[in-house]
Each structure stands twice: as C-alpha cells, then as structure tokens.
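Novice: I'd like to ask you about the structure that follows.
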Amino acid sequence: MAERILYVDLAPRAAGSLTSLEYLLRHLDRRYQPAVIMARGQRRYGHFVDLKVNVVSVLSPQGQAVRYGGGIDRIRGGNIGAWIRRRPVVKEMWHGFGFLGRIARRFYPQAKELASIMARVQPDLVHVNDRLTVSRGAVWAANMNRLPVVSHVRGWDQWTLFDRWLDRGVRRYICISQAIADQMAALGVSRERLSVVYNGLDVADFPTVANPALRQQWQTPTQAPLVGIVGRVVPWKGHRVFLQAVERVAQDYPDLVAWIIGEPEVGQQGYLEELEQLARALGIASRVRFLGHQENVPALLPSLDVLVHASVEPEPFGRVIIEGMAAERAVVATAAGAVPEIVLDKETGLLVPPGDAPALARAICRLLDLPAWRIALGKAGREHVRCHFSAAQMVSGVEAVYAAVLEHK
C-alpha cells in the first residue's frame, strides 16, 4: 500500500526549493503517493500538474508584511515607530508584541486552513519544503492533525519560543548542507534528528552547447566575453558586488557583457531599480542586460563564459552553482556557508571572499585570460556534479528519512 506524502511549499515566486521538489517528485519511488500544497499563482504549478501530482493552491502571505490596520500601522510608519526603532529595549518589546499579533493574524488562520486540507488528503507524513520559520503554519497544521513532520531546511534559521514549541512536532530535519546541519545543531537539535542530503539534479537536463539565438535575443555579440549571475534579485545575493566587479573587468575587456537573470522578491522591486541606477553610475549600463525571470535557465547557461555566484552572506547551499557546473560553465563563487562543500577551489571553480569586488574581478579576468583552463574547470565541474549532486542521491537520502519516520509512526 502506498504511503501518502503531503508536500507544503508556499513560496510565491519561482524558487530553488520548488526546483528541488520537482526533481524529487520526478524520481520518487512509487511506494510513495505525493500531493502538494503551493501558493496560488505560482508559476511552477503546471510543472507539478504535468507530473500527475495532486496540487492544491492556497493564498500565501510569505514574504509580505503583516498588516494590523488602523492605528498600529500608523504607529509603525510614523514618528513613534521611528522612535521605537532607535531604542533597542523598547524595540525588542514592540517586536515581541508584534510577533504575538503575527501568530493570531497569520500563523493560526493559515494553520487552520492547511489543517482542513490535511484532513481531506489524509497523508501519512507531511514534508514542509523549507525551514521551520518559513513553514510555521504548515507545521502547526500537521500538529493539529497529529501527523509526523519532516522539515527540509533550506536556509539559516533563528528560533523563537514559539518555534521551539512547534519543533516538538518535527520528527526529522533534512539539511541541504553540512553547514546547515551544524547551525541546526547549534540551535539545540540533536544530531540524530538531522540528515544531510545535498540538492541534486540530472546533468542530462543541462545542455553544454550554446544556442546562438539567445545571445542575439539579448543584444550580446557572439564573440563578446559574457559573465552572468542567476537567482533571486535580493540584496544578500551580491548583485552590487557583481556590478562593481563588472566595471573593473570591463577595463581589460571593453566588449564585456553581463547578464543578470532573475527577479526581485515580492515587494522588493525597488532593489532592481537601485541596481539599474548603480549600473548607470558605474558607466556600465550599456553592457548590462537585466533578463528578469527566465523559465528555462538551463538553456541560457551555456551562453555564459563565466557564471558568478556573489552572495555577500553565507550561502545555505547555492543551487545555481551546481546548475552552472552541470552546464560546464566555469564558476566563480564566494567562499562562505556551504559553497566550499560544492566548489573545489581551482579544480571545479574558483572561490573568492564574500563582498570583495576586486577579488571577484581578478578571478573573472583570470578565467577570461585562460580559456583552455576555463573549459577544463567547466568539464571537471560537470563530472563533480554527476558524482556528488545527482537527483538520484538526493532522492535516496530523502527516502531514507521517510522510511525512518514512517517506521515509527
């Protein structure tokens, strides 16, 4: 008899968590019967329908501020709110009361809605496809239905007392890197409840030969050196550093072109405008292409000479890195968080310090200066992904966690 697994991922925009989930469901053993709850309007909805998975869409508040209405919102946005933010003790108290408001206005109503869906689906296990603090409503809903929970931890977490209460209902945590597992252990989670399962992909999904029409589509000359950064357009992903490095590299490569592939989070369109202004201020606006969200990133990657990962904060994993390596692109990545677990410096890519535009520029120039080495790094990267970051190993690791949890259900 098939075991029913209910996946919950309420990311409002395309995200690496959903890409990984899609790979998981594509290869999941038939002894498991999956269903998915996702955000209404999610672009990836059709991908899961194509996999013949039962999908339920709900409104998702993820990434949006809680609105309390009336006087409270006026206080937050006015002089009193500014006064509170300047006083740490008062600010902490205010945030404490605000968190209680979030429990009442967001988490509990969401939990009630999700609990109703879970009662209809009747899963044997609930798999929340992100860390606990992004999945509070879903974990609470599973606890209401006395269902075992697995949390797939895809980012750094900080817990409140409320989260520690919810943690009692989580049987196991799947960590996407050893760095994440170490951080979860630091929160007090026992190592027995932590399993490291790296994100994976099928290298066959990533072509290694460029389609010339794509460069033409984005006004990029065939022979121009092309560097790119891929992912959510949010400040910590380091787009400012990337642009500063591009300005330096262009001094040696006057025909250099840079692609920025991705879109801002909900409510953060202003950051994209800041990047456009920075490109103009640096004098490189004519060589920077903002491609926005692209549904078929694997088709774009072979056009790049160098893929840049520029996160200025520790990266929980860095899915775009293994995607670039799978496409045989030379990768320059910032050495923080889990990135050194993926990139072998000078063997499958180059590592640079976070936030260091000069070091990033030097690494890019080094790869552009040495095309034979650049190609060799790309080939080594694809083989490294094939051996260590395959979809098969990811699915095997996740299924091992399911078996352990369901055995003691």
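We did not get these values from a lab; they are worked out from the coordinates using the rules stated. Since we're looking at a predicted model, the values are computed, not measured. Cβ sites come from the backbone with ideal geometry, for glycine too, and all protein chains shown count toward neighbours.
Novice: So for Cys365, Cys387, Cys175, fewest C-beta neighbours within 10 Å to most, what's the order?
Specialist: Working: Cys365 19, Cys387 9, Cys175 27.
Least crowded to most crowded, the residues run Cys387, Cys365, Cys175.
Novice: Another one. Relative to 2.2 N^0.38 Å, what does the C-alpha radius of gyration of the chain come to as a ratio? Two decimals please. Don't skip to the answer; put the middle values down first.
Specialist: Details: Rg = 22.2 Å, N = 409, 2.2 N^0.38 = 21.6 Å.
So the Cα radius of gyration is 1.03 times the expected 2.2 N^0.38 Å.
Novice: Classify the range 171-287 from the C-alpha gyration tensor, please: rounded if a/c falls under 1.5, else prolate or oblate depending on whether a/b exceeds b/c. Write down the numbers at each step before the final one.
Specialist: On the way: a/c = 2.75, a/b = 1.79, b/c = 1.54.
Here the range 171-287 falls in the prolate category.
Novice: Taking N as the number of residues in the range 203-388, what is its Cα Rg relative to 2.2 N^0.38 Å? Write out the running numbers ahead of the final one.
Specialist: Numbers: Rg = 14.9 Å, N = 186, 2.2 N^0.38 = 16.0 Å.
That works out to 0.93 for the range 203-388.
Novice: So, one more: How are the alpha carbon pair distances in the range 123-208 distributed across 10 Å bins from zero to the largest one, expressed in percent?
Specialist: 18, 49, 23, 8, 2
Novice: With the Cα gyration tensor of the range 100-151 in hand, give its eigenvalues times 5 under a square root as the equivalent ellipsoid semi-axes, listed largest first in whole angstrom. Kindly include the intermediate steps, with their values, before the conclusion.
Specialist: Values: eigenvalues 63, 34, 11 Å².
With the √(5λ) rule applied to the range 100-151, the semi-axes are 18, 13, 7 Å.
Novice: So what's the angle, to the nearest 10 degrees on a 0 to 90 scale, between helix 371-388 and the longest Cα principal axis of the chain?
Specialist: Tilt of helix 371-388: around 20 degrees.
Novice: Find the all-direction average of the projected area of the Cα convex hull for the range 162-225, expressing the result in square nanometres with one decimal place.
Specialist: One quarter of the hull surface, i.e. the mean projection, equals 8.3 nm².
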